[in-house]
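The values are calculated or read from the model by the stated rules, or taken from the named source; none is laboratory data. What you are looking at is a predicted structure, and each value in this text was computed from that prediction instead of being measured. Here Cβ is always computed from backbone atoms with ideal geometry, including for glycine, and neighbour counts include all displayed protein chains. Heads up: the accessible areas ignore ligands, DNA and RNA and are worked out on the full protein's heavy atoms, side chains in. Shrake-Rupley method; radii C 1.70, N 1.55, O 1.52, S 1.80 Å.
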Amino acid sequence: MAAQKIIYQEQLKKQEELDVRTLYILRTGEMQPERDHSLTGENTFTGSYNNGNWRDAKTGAISVL
């Protein structure tokens, strides 16, 4: 139990450090943020995993204008 708490606290600290260094986040796989940034692509697919969304370009390409 104590080991799990230490691991959890380390993960929180890493996330906080990343948040401080992060300038901008583009949330791919979500319709409105992709529209806001004119994200386009061909043969792309979206899905979700572990409470997050993703976009995959299997045979096409994705571009942000």
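Those residues that are surrounded by 10 or more Cβ atoms within 10 Å (Cβ to Cβ) and either in a loop (DSSP other than H, G, I, E, B) or modelled with pLDDT under 85 (or both), I need them from the range 17-38; list them, please.
Leu26, Arg27, Thr28, Gly29, Glu30, His37, listed by residue number.
Residue check: is Thr59 open to solvent by less than 70 Å² (accessible area, probe 1.4 Å) and of a type in the set (S, T, N, Q)?
Answer is no for this residue.
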